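Each remark here refers to the structure printed beneath this line.
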Amino acid sequence: KEERRTRRRPEIVFKVDQTVLGGVLRSREALIVPDVSASAADFLDANVLHTSGFGSALIVPLVCKGRAVGTLNLVQRQKNAYRPEHIRAIQPIAEVYAVAIIAQQLQVSLRKYRTMEAMSELTLSIAADINSALQIIIGHCDLLERSYPDPNLQRDLATVIVQAQRIAGLLEKMRAAAHERMKEVEAAVEQAGIPSSPEAF
């Protein structure tokens, strides 16, 4: 069988403040660009459209809950192809599209949150179990040290205690890191407006 290789088109990344799209995102108002060539010298995205052979564009912001999440862009080869009635026709589609994008982002964030939450809880649980076992080991070493005054044994027991305490310190760092990770995830979830339970989503 003959293998077919699909080549990905290179992505074009612009700084928002150098694009027509950025201006629409900031203003949250739809924009008609009647002549792309007139804006090509000032805006990178307009220049790309112009060099690609497009003459005019219509850019509609995608806004959901007061937050701009992107733009819906229409282009035509001819100039002056768009009028205000086109904005009125596209606006309802843009609103639905914006809601769909937010819903998708929330689903992805919710899955990430649940995964991070489970990992952090597992880390905390394992750290607590290991720390409990280490405390038992340290306690028994103390008892042996008091019961058997042999210098060699006491030296070995002291080494065991030092290493056990070192592991306990590392576990405490792991627990602190897990707690911080949980706080960061919870803060991100709260900022994104993700419900606290799957049933509420």
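The values are calculated or read from the model by the stated rules, or taken from the named source; none is laboratory data. No experiment lies behind these values; they were computed from the predicted model shown. So basically every Cβ, Gly included, is an ideal-geometry build from the backbone, and we count neighbours across all protein chains shown. Side chains are part of the model used for accessible areas, which takes the heavy atoms of the whole protein and leaves out ligands, DNA and RNA. Shrake-Rupley method; radii C 1.70, N 1.55, O 1.52, S 1.80 Å.
Extending 7 Å from Cα along the Cβ direction at ASP142 and again at LEU170 yields two label points whose distance is 2.3 nm. Peptides 33-40, 128-135, 49-56 ranked from most to least packed, by the mean per-residue count of other Cβ atoms within 10 Å: 33-40, 49-56, 128-135.
Loop-located chymotrypsin sites (Phe, Trp or Tyr not before Pro) across the stretch 77-150 with a Cβ neighbour count of 16 or fewer within 10 Å are lacking, with loop assigned by DSSP. Solvent exposure of the stretch 36-178 amounts to 62 Å² per residue of accessible area, where only protein heavy atoms count and the probe is 1.4 Å. Other residues within the sphere of radius under 14 Å centred on the Cβ of GLN76, judged by their own Cβ, net out at +2 (K and R +1, D and E -1).
Measuring nothing but protein heavy atoms, the accessible surface of the stretch 53-186 at 1.4 Å probe radius is 59 percent carbon and sulfur. Each residue of the stretch 56-66 was assigned a 3J(HN,Hα) from its phi angle through the Karplus curve 6.51 cos²θ - 1.76 cosθ + 1.60 (θ = phi - 60°); the sequence is 8, 8, 10, 10, 10, x, 9, 10, 9, 6, x Hz, with glycine and proline shown as x.
With R₀ set to 41 Å, the beta-carbon distance separating THR115 from ALA40 gives a calculated FRET efficiency near 0.35. Starting from the Cα gyration tensor of the stretch 34-155, take the square roots of the eigenvalues, sort them a ≥ b ≥ c, and report rounded, prolate or oblate (rounded when a/c is under 1.5, otherwise prolate if a/b is larger than b/c, else oblate). In terms of gyration-tensor shape, prolate.
Backbone phi angles across the stretch 103-108, fed through the Karplus curve with coefficients 6.51, -1.76 and 1.60 (θ = phi - 60°), yield HN-Hα couplings of 4, 5, 4, 5, 5, 5 Hz in residue order; Gly and Pro are listed as x. Near VAL160: Cβ cut-off under 14 Å, other residues only, Lys/Arg at +1 and Asp/Glu at -1. The net charge is -1. Per-residue extension of 0.36 nm, minus the Cα-Cα distance of THR159 and GLN78, leaves a gain of 21.0 nm for this segment.
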